[in-house]
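The values are calculated or read from the model by the stated rules, or taken from the named source; none is laboratory data. What you see is a predicted model; the values in this text were computed from it and never measured. A quick note on method: Cβ atoms are made from the backbone with ideal geometry, for glycine too, and the neighbour counts reach across all protein chains shown. Side chains are part of the model used for accessible areas, which takes the heavy atoms of the whole protein and leaves out ligands, DNA and RNA. Shrake-Rupley method; radii C 1.70, N 1.55, O 1.52, S 1.80 Å.
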Amino acid sequence: QGVLVESGGGLVQPGGSLRLSCAASGSIFGVKSMGWYRQTPGKQRELVANIITGGTTTYADSVKGRFTISRDNAKNTVYLQMNSLQPADTAVYYCTMLRRGNTYWGQGTQVTVAS
C-alpha cells in the first residue's frame, strides 16, 4: 500500500455527484499541500483542486462552483466533493501531497460520467 490511497471513483450519470477520498499514511507534520489532478488518455495531467495548510484552496476554472476540496487533519485525509458532474469530467483522478519537499501521488481512481 502506498503513501496515498484513493477511493470513491465510479460511474455516475450527468448531473450526479461523487465524493473522492484520499488517505495519507504517516504524519501530517510537514505537509504543505494536498490536492487532486486528473488525466484523460493523450492529455497531460491537470490540476483540479488544491488545498494548502491553513486552508487556502485553488480550483481549475472548469470545476469552480461544482467541486469542493476539503481536508480532515485528524484523519490525514483530503476529499473532493464533485457535484453537477459532466461527461467532460470523465478521467482518472489522482491525489497528490507535498510533504517535506517530496511530492507523492496516489494510484488513481477512475471517474466516468455517462448516461
I want to verify a result. In a Gaussian network model of the chain, Cα cutoff 10 Å, which of these has the top mean-square fluctuation: 49, 91, 60? 60
Multiply the residue separation of residue 11 and residue 90 by 0.36 nm, subtract the distance between their alpha-carbon atoms, and state the gained length in nm to one decimal. 27.5 nm
Check the straight Cα-Cα distances from residue 75 and name the lysines below 20 Å, setting aside those fewer than 8 residues away within the same chain. 32
For residue 89, what accessible surface area do you get with a 1.4 Å probe? Give it in Å², rounded to 10. 0
Counted charge near residue 91, where neighbours are those whose Cβ lies closer than 12 Å (Asp, Glu -1; Lys, Arg +1): +1
So which residue, out of 16, 30, 54, gets the largest mean-square fluctuation from a GNM of the chain using Cα contacts under 10 Å as springs? 54
Hand me the chymotrypsin sites (Phe, Trp or Tyr not before Pro) from region 17-115 located in a DSSP loop with no more than 16 other Cβ atoms within 10 Å, in residue order please. 29
Taking 0.36 nm per residue of separation between residue 61 and residue 3 and subtracting their Cα-Cα distance, the length gained on full extension comes to 18.0 nm
So for R0 = 22 Å, FRET eff. of residue 29-residue 107 from the Cβ-Cβ r, to 0.05, ends up at 0.40
Restricting to Cα pairs below 8 Å that are 6+ residues apart, what does the relative contact order work out to for the chain? Please round to a whole percent. 38
Solvent-accessible area per residue for the chain at a 1.4 Å probe radius, Å²? 53
With 0.36 nm assigned to each residue of separation and the Cα-Cα distance removed, residue 83 to residue 46 gains 11.5 nm
